[in-house]
Amino acid sequence: MSGREAFVTLATTNSYCMGATVVARSLRRHGTTRSIVVMVTPNVSEQSRLALQSVFDEVITVDVMDSGDRLNLSLLGRPELGITFTKIHCWTLTQYSKCVFLDADTLVLCNVDELFHRDELSAAPDPGWPDCFNSGVFVFRPSLHTHHRLLEHARQHGSFDGGDQGLLNSFFSGWPVEDISKHLPFIYNLSASSLYSYLPAFQQFGHDAKIVHFLGSEKPWSSSSRREGGHSHMEQFVSLWWREYRSNTEASAAETPQQTQTK
Ligand code: UDP
Ligand code: MN
């Protein structure tokens, strides 16, 4: 039991369930040998939950946690992200010895099982502040002790950005300086914003991308991102996301109304 390993994601709404579905399908497409697990909150509809059950090995219900930190979240321009504190529950999955957390807005482009060779806490730099890690992709070891310490840290210090990333970065504060093996290459968490801020680097290295992260308020499943005339590289990733989403038409229960629009 203690040797089991899993990819873990989180969905607290029916639209993030669409994202979670793509995480699982893209992991399977590339032949992962690990379990694939999703944490959902009780408000997720029965229909979405059933759809997730068809693609995940385990669907685990967890309580909602919200930082309630409106001030920092408004500085971040993302009032909705307090709920990402719910992510911290991933440390309770002690039926697994090691896990890789993937945000529900990621898309896996090839087999990334080698991530399990890394230790807690391994993650890639955040494009906005590279001395912080981005918490959309990270390697961790489930532990009730760590979970408890994280909750205690949150209670005492809150989170400097109001979301899970601020909390995790202040808890794993040695990450920027201590151990380079815990720095995942950026290609494991390639965010859309890097295309805009450093296009030549994307042209040079982008073909090696392993995990794309649709970071920011525009998600592939949101109608505005579908209509956007924007950046062609990003559009390619967005259409790849849709192809993955539609790759199994029967599991459409997590669909939202935007889904019915034509592309
Ligand atoms: N999430 C969720 N419901 C929400 C917001 C976030 O389930 O309402 C989860 C989901 O797994 C998501 C992660 O928390 O991928 C982090 O949020 P998001 O990806 O939107 O943040 P970003 O990467 O854009 O900073
Ligand atoms: Mn994300």
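Assorted remarks:
- Residues with amide H under 5 Å from that of E120, placed H, sequence gap 5 or more: R141
- Debye log10 I(q)/I(0) at q = 0.08, 0.09 Å⁻¹ for the chain, Cα point scatterers: -0.29, -0.37
- Modelled label reach - H30, point 7 Å along Cα→Cβ, segment 119-159 residues with backbone N closer than 15 Å: 124, 137-139
- For segment 6-30, the residues whose backbone nitrogen is under 14 Å from a point 7 Å from the Cα of D57, taken along Cα to Cβ, are 6-9, 24-25, 27-29.
- Given +1 at the Cβ of Lys and Arg, -1 at the Cβ of Asp and Glu and no other charges, the dipole of the chain around its Cα centre is 460 debye to the nearest 20.
- Summarising the label geometry, the points placed 7 Å from Cα in the beta-carbon direction at S170 and Y196 lie 2.8 nm from one another.
- Options L107, S48, W91, ranked by Cα towards positive dipole end of segment 1-109, top entry (Cβ charges): L107
- Footprinting exposure proxy for Y188, Y96 (fewest neighbouring C-beta atoms within 10 Å first): Y96, Y188
- Ellipticity estimate at 222 nm from DSSP helix runs (n ≥ 4, -39,500 (n - 2.57)) divided over the chain, nearest 500: -9500 deg cm²/dmol
- Against the empirical curve 2.2 N^0.38 Å, the C-alpha radius of gyration of segment 11-167 lands at a ratio of 1.02.
- Peptide packing: for 49-57, 169-177, 135-143, the average count of neighbouring Cβ atoms within 10 Å per residue gives the ranking 135-143, 49-57, 169-177, highest mean first.
- Distance (nanometres) between label positions extended 7 Å along Cα→Cβ at Q156 and N248: 4.4 nm
- When peptides 201-208, 105-112 are sorted by average Cβ neighbour count within 10 Å, with the highest value leading, the order is 105-112, 201-208.
We did not get these values from a lab; they are worked out from the coordinates using the rules stated. Note that the coordinates shown come from a computational prediction; the quantities given were computed from them, not determined experimentally. Cβ atoms come from the backbone with ideal geometry, glycine included; neighbour counts cover every protein chain shown.
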